[in-house]
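Step one of this worksheet: look at the structure below.
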Amino acid sequence: MTRNIPSNRYEEIRSTDVNLHKVRCDFNPWRKKLADLDLGPRVEKIEDILGDCFGRSDVIGLYRRDDIQPATKFLAAMIWGHEAPAGSKKDGRGPWKVSEMFSDPEASIKLLESTRVGNEEQIRTSYRQLNKGLKRCGPNFFSKHFYFLGKARGTKSYPLILDDRVAAGLAALTPGCFDFFGIVKVVAARRPESYLEYLSWARRQAENVKCDLDQVEYFLFKLGAGST
């Protein structure tokens, strides 16, 4: 596994505000593309709650609402993830990709209703189910759903996002890796065991740094952004 975060980065991580970056969203493409799947009302609900400018804390607030269905929460995370991440352009294919995730709406909604992330076994099971059951999703995006589900529970230990940019941040902790980022592409491993190993490593780092778990993840995200 990647080495520990150097101690000279601790203060930087502790001072990181994971809610600082907000995305701006034009919901019209989402409504238009998802209307045929009867997801339009869910998009409208999300827009009513989040508005057109929102960040992590806003999405967490939506996830904490008991009156919001799991599929609507997942859709909010996908919209957040496909809109402009820090330091990069929005993914204009987002509405199309999410429509593929819901190509069988009934099956997708049922799958999301069964997703649990309360412990390692639940995370492993949910990882396998979503990885197999949702088209065009993959851990780059369903790990975002895991993060918001766990963070909304209010516990100290929760799942984290592991996308390719976070993976690049992990690789960048190894001396010399930056020398190769111009000729190689770093991607996150697509196995539940790798994801769980990452979560275990991040927990150890958070204990060392004395910070929140998602401050470790966001540090890696920003570090990875410098390599792409």
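Quick notes on this one:
- Single residue of ARG31, ARG42 found to be assigned to a helix (DSSP H, G or I), closer than 21 Å to LEU130 by Cβ and free of Cβ contacts under 8 Å to residues at least 40 places away in the same chain: ARG42
- Top-ranked residue of the range 145-155 - restricted to ones that are out of contact with any helix residue (DSSP H, G or I) (no Cβ under 6 Å at 6 or more places or on another chain) and assigned to a helix (DSSP H, G or I), ranked as surrounded by the fewest Cβ atoms within 10 Å (Cβ to Cβ): GLY150
- Residue within the range 185-194 that is under 16 Å from ILE13 (Cβ atoms), assigned to a loop (DSSP other than H, G, I, E, B) and either modelled with pLDDT under 95 or acidic (Asp, Glu) (or both) present: no
- Scanning the range 206-216 for residues that are touching a residue at least 60 places away in the same chain (Cβ under 8 Å) and in a helix (DSSP H, G or I) returns ASN208, VAL209, ASP214, GLN215, VAL216.
- Here TRP96 meets the list (1) open to solvent by 40 Å² or more (accessible area, probe 1.4 Å); (2) touching a residue at least 40 places away in the same chain (Cβ under 8 Å); (3) touching a Leu at 6+ places or on another chain (Cβ under 9 Å) almost entirely, failing just condition (3).
- From the options LEU130, LEU134, residue that is within 21 Å of SER194 (Cα to Cα), in contact with a Cys (Cβ under 9 Å, 6 or more places away or on another chain) and not charged (D, E, K, R): LEU130
- In this structure, LEU20 does not satisfy being assigned to a helix (DSSP H, G or I) and modelled with pLDDT under 95.
- Residue match in the range 69-78 (condition: in a loop (DSSP other than H, G, I, E, B) and either hydrophobic (A, V, I, L, M, F, W, C) or within 15 Å of the chain's Cα centre (by Cα) (or both)): no
- Of the residues making up the range 217-228, those that are touching a Phe, Trp or Tyr at 6+ places or on another chain (Cβ under 9 Å) and either open to solvent by less than 10 Å² (accessible area, probe 1.4 Å) or part of a helix (DSSP H, G or I) (or both) number 1.
- Scanning the range 115-144 for residues that are part of a loop (DSSP other than H, G, I, E, B), polar (S, T, N, Q) and surrounded by 14 or more Cβ atoms within 10 Å (Cβ to Cβ) gives a single hit, THR115.
- Among the residues of the range 1-40, those identified as out of contact with any helix residue (DSSP H, G or I) (no Cβ under 9 Å at 6 or more places or on another chain) and within 17 Å of ALA76 (Cβ to Cβ) are ARG24, ASP26, ASN28.
- Of all residues in the range 45-65, those satisfying the criterion of being outside any helix (DSSP H, G or I) and under 12 Å from LEU149 (Cα atoms) are ARG64, ARG65.
- The residue that is farthest from GLU106 (Cα to Cα), counting only those in the range 25-48 that are open to solvent by 80 Å² or more (accessible area, probe 1.4 Å) and not polar (S, T, N, Q), is ASP48.
- Taking the range 57-76 as the range and being closer than 23 Å to GLY224 by Cβ and surrounded by fewer than 23 Cβ atoms within 10 Å (Cβ to Cβ) as the test, the residues that pass are SER57, ILE60.
The values are calculated or read from the model by the stated rules, or taken from the named source; none is laboratory data. Since we're looking at a predicted model, the values are computed, not measured. Cβ: placed from backbone, ideal geometry, glycine included. Neighbour counts: every protein chain shown. Quick note on the areas: whole protein, heavy atoms, side chains included, nothing else; ligands and nucleic acids left out. Shrake-Rupley method; radii C 1.70, N 1.55, O 1.52, S 1.80 Å.
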